[in-house]
Amino acid sequence: LTIGVPLEVRSGERRVAMTPQNAALLLKKGFKQVLIENGAGFAAQFSGHAYEEAGATLVNASRVWYDSNIILKIRPPRITSRGLVGTNNYLEGFRKGGVLIGTLQPNIDRNKPVVDSMVRKGLTSFSMDMIPRITRAQTFDVLSSMANIAGYKAVLEASNHFGRYMTGQTTAAGKIPPCKVLVIGAGVAGLSAIATARRMGAIVRGFDTRSAAREQVQSLGAEFVEVSVKEDGSGGGGYAKVMSKEFHDAEMALFLEQAKEVDIIITTALIPGRPAPTLLTEEMVSAMKPGSVIVDLAAENGGNCEITVPGQLTDYKGVTVIGYTDLPSRLPTQASTLYSNNITKFLLSISPKEGHFGIDMKDEVVRRSIVTHNGELIPALPPIAP
Ligand code: NAD
């Protein structure tokens, strides 16, 4: 079977779904060919030469789509208003019965044309973002890999826009106080941000509605800040639930106090299936010291901060509010490497047997991540109960 890796064409996307190292692994495991679109790895620092050395073949976009049995992608293929795929991606040119694996987000309205196209073409497809976050599937978990990078990069972006050191220093020119960082939401991205800010020498505080997060925050050397209202925010499967009004009010009072004191706030708070909760109001942003920085990692889901403009950097009364929605892509080599490891391990776990895909619908990981099977739309299952 031949694997194809197209160039990602979405504006600003710098990642690639497959590294040369993983291309070599797949060839070693018995796949006939790995076709890489010319320039696909360029922005992530993987040269065409590196792919060729790994045994892959460089081709143009149409050959990737026409000659492959399995296509590996990051973003969903782009669809034009005519229902056809745009100039560089040729989903319409992909063979009937082909297999497409990527972060397809099939439940988002704008991706419906892609799903319709996959049904019409009789494709089998898997969405990496729908892989259940169970222990066995941790090696395929692109959500965690990308959240981990986003948390790290959020701290770097914040420090780039912050006019002082992160760490404290005593120098001949004077004593420099350490920067104070508050991280709201201590899931995968939040814990990564806390660890990064700590390593850079900042004083770090973490907050989460799930009490299980306390120990994780403290184990990274940060302080876990709390409200006096006792309520645990754990919903199903380790995710958060919507909190009572009493808790919400207490949380908001805490953030207003913290806003006056800290230099950097990184927000990551999300509740599955809902818009991101608004946790930083205009009043809180105005209360921050000039030169302070907010990075809103929930920007793509509506944002945790009232001032956030998704995808943009805003200066609000001297406070920089960063709403970038492409943080993993801003660390393209690392993000591509982890994504490629995840997708390669996933592909090998459902590896072809006797010349065809060994799809086992009784396998929970397969059943939950499959979108279409030979053109049949497979309905998504409800989230795993706690
Ligand atoms: P997420 O991105 O859905 O949410 C980020 C954080 O925001 C969560 O910690 C949540 O509790 C917090 N939050 C929500 N509302 C808040 C509010 N009002 N104030 C403050 N914080 C708020 O979460 P995630 O990073 O995807 O991880 C969620 C959970 O899933 C964690 O418990 C994590 O350990 C678990 N997880 C398990 C696996 C696995 O077992 N394979 C993999 C990944 C994550």
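Kindly indicate whether any position in the range 236-246 is more than 11 Å from the ligand (Cβ to nearest atom), in contact with a strand residue (DSSP E or B) (Cβ under 7 Å, 6 or more places away or on another chain) and at negative phi.
No, the conditions are met nowhere in the range 236-246.
Any chance you could count how many residues in the range 132-157 are in contact (Cβ under 8 Å) with a residue 40 or more places away in the chain and farther than 18 Å from Ala380 by Cα? Working first, answer last.
To start, the set of residues in the range 132-157 that are in contact (Cβ under 8 Å) with a residue 40 or more places away in the chain comprises 132-134, 136-137, 139-157.
Those left that are additionally farther than 18 Å from Ala380 by Cα: 136, 139-140, 142, 144-157.
Within the range 132-157, residues that are in contact (Cβ under 8 Å) with a residue 40 or more places away in the chain and farther than 18 Å from Ala380 by Cα number 18.
Could you list, in sequence order, all residues of the range 216-228 that are under 23 Å from Arg133 (Cα atoms) and within 11 Å of the ligand (Cβ to nearest atom)?
Quick first cut of the range 216-228, residues under 23 Å from Arg133 (Cα atoms) only: 216-217, 219-220.
Gln216, Val217 - these are the residues of the range 216-228 that are under 23 Å from Arg133 (Cα atoms) and within 11 Å of the ligand (Cβ to nearest atom).
Sort out for me the strands (runs of 3 or more DSSP E) sitting completely within the range 171-215 that have 2 or more residues that are under 24 Å from the mean Cα position of the chain (by Cα) and within 15 Å of the ligand (Cβ to nearest atom). Step through it out loud before you land on a result.
Numbers: elements: 174-176, 180-184, 203-207.
Output list reads 180-184, 203-207.
For the range 15-26, does any single residue satisfy the condition of being within 21 Å of Phe140 (Cα to Cα), part of a helix (DSSP H, G or I), of a type in the set (Gly, Ala, Ser) and modelled with pLDDT of 90 or more? First the steps, then the outcome.
Keep residues of the range 15-26 that are within 21 Å of Phe140 (Cα to Cα), which gives 15-26.
Next cut, part of a helix (DSSP H, G or I) only: 20-26.
Applying the additional criterion that residues be of a type in the set (Gly, Ala, Ser) yields 23-24.
Next, from what is left, pick out any that are modelled with pLDDT of 90 or more: 23-24.
Yes: the range 15-26 contains one or more residues that are within 21 Å of Phe140 (Cα to Cα), part of a helix (DSSP H, G or I), of a type in the set (Gly, Ala, Ser) and modelled with pLDDT of 90 or more.
Given the criteria out of contact with any Asp or Glu (no Cβ under 6 Å at 6 or more places or on another chain), in a loop (DSSP other than H, G, I, E, B) and aromatic (Phe, Trp, Tyr), does Tyr324 qualify? Working first, answer last.
Details: out of contact with any Asp or Glu (no Cβ under 6 Å at 6 or more places or on another chain): yes; in a loop (DSSP other than H, G, I, E, B): yes; aromatic (Phe, Trp, Tyr): yes.
Yes.
List the pairs whose first member sits in the range 168-187 and is farther than 19 Å from Val293 by Cβ and of a type outside the set (A, V, I, L, M, F, W, C), whose second member is within 16 Å of the ligand (Cβ to nearest atom) and assigned to a loop (DSSP other than H, G, I, E, B), and whose Cβ atoms are under 8 Å apart, counting only residues at least 6 apart or on separate chains?
What qualifies is Gly187/Asp208; Gly187/Thr268; Gly187/Leu270.
Is it the case that Ser159 is closer than 28 Å to Gly318 by Cβ and more than 10 Å from the ligand (Cβ to nearest atom)? Steps first, answer last, please.
Working: closer than 28 Å to Gly318 by Cβ: yes; more than 10 Å from the ligand (Cβ to nearest atom): yes.
For Ser159, the condition - closer than 28 Å to Gly318 by Cβ and more than 10 Å from the ligand (Cβ to nearest atom) - is met.
Quick check on the range 268-292: of everything there that is among the β-branched types (Val, Ile, Thr) and within 8 Å of the ligand (Cβ to nearest atom), which residue is nearest to Glu306 (Cα to Cα)? Steps first, answer last, please.
At the first step, the residues of the range 268-292 found to be among the β-branched types (Val, Ile, Thr) are 268, 271, 278, 281, 285.
Adding the requirement that they be within 8 Å of the ligand (Cβ to nearest atom) leaves 268, 271.
Details: Thr268: 14, Ile271: 17 Å.
Ranking the candidates gives Thr268 first.
Among the listed residues Ser47, Ser11, identify the single one that is within 22 Å of the chain's Cα centre (by Cα) and without any contact (Cβ under 8 Å) to a residue 24 or more places away in the chain. If you could, list the steps in order and put the result at the bottom.
Working: Ser47 fails: within 22 Å of the chain's Cα centre (by Cα).
After ruling out the rest, the residue left standing is Ser11.
Which one is farthest from Asn341 (Cα to Cα), of the residues in the range 138-147 that are assigned to a helix (DSSP H, G or I) and near the ligand (Cβ under 9 Å from one of its atoms)? Step through it out loud before you land on a result.
Kept after step one, since they are assigned to a helix (DSSP H, G or I), are these residues of the range 138-147: 138-140, 142-147.
Applying the additional criterion that residues be near the ligand (Cβ under 9 Å from one of its atoms) yields 138, 143-144, 147.
Details: Gln138: 11, Leu143: 13, Ser144: 13, Ala147: 15 Å.
If we take residues in the range 138-147 being assigned to a helix (DSSP H, G or I) and near the ligand (Cβ under 9 Å from one of its atoms), then Ala147 is farthest from Asn341 (Cα to Cα).
From the list Val119, Val115, exactly one residue is within 23 Å of the chain's Cα centre (by Cα), closer than 24 Å to Glu364 by Cβ, of a type outside the set (Ser, Thr, Tyr) and modelled with pLDDT of 85 or more. Which is it?
Working: Val119 fails: within 23 Å of the chain's Cα centre (by Cα).
Among Val119, Val115, only Val115 is within 23 Å of the chain's Cα centre (by Cα), closer than 24 Å to Glu364 by Cβ, of a type outside the set (Ser, Thr, Tyr) and modelled with pLDDT of 85 or more.
For the range 188-225, give me each residue that is modelled with pLDDT of 95 or more and of a type in the set (D, E, K, R).
Within the range 188-225, Arg198, Arg199, Arg205, Asp208, Arg214, Glu215, Glu223 qualify.
Within the range 10-42, restricting attention to residues that are among the basic types (Lys, Arg) and within 19 Å of Ser329 (Cα to Cα), which residue is surrounded by the most Cβ atoms within 10 Å (Cβ to Cβ)?
Just the residues of the range 10-42 that are among the basic types (Lys, Arg), to begin with: 10, 14-15, 28-29, 32.
Within this subset, residues satisfying the condition of being within 19 Å of Ser329 (Cα to Cα) are 10, 14-15.
Details: Arg10: 14, Arg14: 20, Arg15: 27.
For the range 10-42, the residue satisfying everything is Arg15.
Identify, please: which residue in the range 114-137 is within 16 Å of the ligand (Cβ to nearest atom) and in a helix (DSSP H, G or I) and is, among those, farthest from Val319 (Cα to Cα)?
Checked the range 114-137; the qualifying residue farthest from Val319 (Cα to Cα) is Arg136.
For the range 279-299, state whether one or more residues are of a type in the set (Asp, Glu) and part of a helix (DSSP H, G or I). Walk me through it before giving the result.
Taking the range 279-299 first, the residues of a type in the set (Asp, Glu) are 282-283, 296.
Applying the additional criterion that residues be part of a helix (DSSP H, G or I) yields 282-283.
Yes, there is a match, as at least one residue in the range 279-299 is of a type in the set (Asp, Glu) and part of a helix (DSSP H, G or I).
The values are calculated or read from the model by the stated rules, or taken from the named source; none is laboratory data. Only a predicted model underlies this, so the values are computations on that prediction, with no experimental measurement involved. Here the Cβ is made from the backbone with ideal geometry for all residues, glycine too, and neighbour counts use every protein chain on show.
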